[in-house]
Amino acid sequence: MGEGRRAGDIRAFVLHPDIRGHRRGQSPEHALGEAMALARALPHVEVAGGEIVSLQKPRPGLLFGKGRVAELGAKFTAEGIDLVLVDGPLTPIQQRNLEREWDLKILDRTGLILEIFADRARTREGVLQVELAALSYQRTRLVRAWTHLERQRGGLGFVGGPGETQIEADRRAIDEAILRLRRQLSKVAKTRALHRRARARVPYPVVALVGYTNAGKSTLFNRLTGAEVMAKDMLFATLDPTMRAITLADGAEVILADTVGFISDLPHELVAAFRATLEEVLDADLILHVRDIAHPETEAQAADVRAILESLGVGQATPVLELWNKTDLLAPEERAALLKRASRAGDVLAISAVTGEGMSALPAFLARHLEGEMREAEILLAHDAGRERAWLYAQGVVRGETQEEGGTRLALRWNARQAGQYAAQFGELREEGAPEASG
């Protein structure tokens, strides 16, 4: 986009309102940079520039003061701007008034993220969730969505009776569409529950990659699995989870799930709408929190990720490990200090998904934390229990077997998770001897 404007491109300008006392936990400069990166994720959009606008307090009618609005309007006209993106919430009145003042299309932060979600969603449920969130958002903005709102609606009364205003009819149409989408989503949720139950029978643990958007999750996923997941330097590059099997250092297989990137100040209604997209996280046996450790706001980003995980209901029972990614972007002395810190922490691994540094240690790192406390046991299976025997061998937990008159005696070494999976699939198993063994 830096090589001149392409035909069909929309020329956009990003404004970050820096309201005294309303900062989101990151500096205005980094907030603006993130908002511009969000804008670049929109298709056919050329980001012409961005600006921080300092405010003592937001004005109810225009957000900005009249003088600032006039000054910005002249700038947009001079630079041929088609779209203004305001990095924050706008009330419907503010949005309508600014569009009138500047004669431009305007999106606030929620609208911008919705546009990106709509472009990126791939699964049936993802698409439906985007539509539902978009309609709920649009419903609050009917005050500015039409030029004919005060016109009386005529007709025969099939949709709305005589005298119903257009805004009432539009709201009714949106409510009907929302109801229809919720019915469709309930059907999709039932199908997903069946898929999840089927996946629970697969004897492999699920490891979910989470992290702030643009932390390098998809690059890491591609390196580990060889999958061709979109891995551009673009916010929200992945919206629907992608799952692949990988083999760890001890020969065990795990399912790796790549998920949508988190972001600060993600509007609550969007977190709710995309709960299903992040459902793999809720079902995971282990969560890998991928961090862009070279980013100046890495601590604030990590705090945002932890807050969203908590809001999704990820409990203390699910272990969370950190991967400090992008070590290749650090200065040598900073990198050396970071590697020392990571080596002292048992639940952290420093890597570069781009160069491969530290990646050779990742399979053993995962295996160590997934294995849990191992114990030994002996069980006696009936001679006709072929499925049970095959499952145990597929898990790699059988250390030996002997044939007896009453059946097949198996010596096992497994952890509580594997024992629980066996019980869920085949029923409780009576162990005949279980001497403890350290992992």
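Listed values, structure above:
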read-out	value
Sole exception among (1) in a helix (DSSP H, G or I); (2) at pLDDT 70 or above; (3) over 22 Å from Ala300 (Cα atoms) for Leu220, by number	(3)
Any hit, segment 227-235, residues being modelled with pLDDT of 80 or more and not in a strand (DSSP E or B)	no
Residue match in segment 63-77 (condition: assigned to a strand (DSSP E or B) and buried (at least 20 other Cβ atoms within 10 Å of the Cβ))	yes
Test set (1) within 25 Å of Thr140 (Cβ to Cβ); (2) assigned to a helix (DSSP H, G or I); (3) in contact with a Leu (Cβ under 8 Å, 6 or more places away or on another chain) - Leu90 fails condition number	(2)
Subset of segment 41-58 that is of a type in the set (D, E, K, R) and closer than 30 Å to Gly21 by Cβ - its residue that is modelled with the highest pLDDT	Glu51
Verdict on Glu164 being at pLDDT 85 or above, among the charged types (D, E, K, R) and surrounded by 15 or more Cβ atoms within 10 Å (Cβ to Cβ)	no
Filter pass, Val210 being modelled with pLDDT of 80 or more, buried (at least 19 other Cβ atoms within 10 Å of the Cβ) and either closer than 22 Å to Asp292 by Cα or not assigned by TED's automatic domain parsing to the domain that holds Ser136 (or both)	yes
Single match in Gly396, Gly400, Gly407 (criterion: of a type in the set (Gly, Ala, Ser) and modelled with pLDDT under 80)	Gly396
Residue in segment 416-428 that is among the acidic types (Asp, Glu), more than 31 Å from the chain's Cα centre (by Cα) and assigned to a helix (DSSP H, G or I) present	no
Members of segment 86-133 found to be farther than 29 Å from Phe76 by Cα, among the hydrophobic types (A, V, I, L, M, F, W, C) and either free of Cβ contacts under 8 Å to residues at least 12 places away in the same chain or surrounded by fewer than 17 Cβ atoms within 10 Å (Cβ to Cβ) (or both), listed by number	Val127
Residues of segment 83-112 satisfying the condition of being under 19 Å from Arg11 (Cα atoms) and either of a type in the set (Phe, Trp, Tyr) or over 30 Å from the mean Cα position of the chain (by Cα) (or both)	Leu98, Glu99, Arg100, Glu101, Trp102, Asp103, Leu104
Residue match in segment 23-32 (condition: among the hydroxyl-bearing types (Ser, Thr, Tyr) and either farther than 18 Å from Ile263 by Cα or touching a Lys or Arg at 6+ places or on another chain (Cβ under 7 Å) (or both))	no
Qualifying residue in segment 94-117 (condition: in a loop (DSSP other than H, G, I, E, B), within 18 Å of Thr140 (Cβ to Cβ) and modelled with pLDDT of 90 or more)	no
Selection status of Pro28, of a type outside the set (S, T, N, Q), surrounded by fewer than 18 Cβ atoms within 10 Å (Cβ to Cβ) and either free of Cβ contacts under 8 Å to residues at least 12 places away in the same chain or over 22 Å from Gly67 (Cα atoms) (or both)	no
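The values are calculated or read from the model by the stated rules, or taken from the named source; none is laboratory data. Predicted, not measured: the structure shown is a model, and the values here were computed from it. Note that each Cβ is placed from the backbone with ideal geometry, even for glycine, and that neighbours are counted across all protein chains shown.
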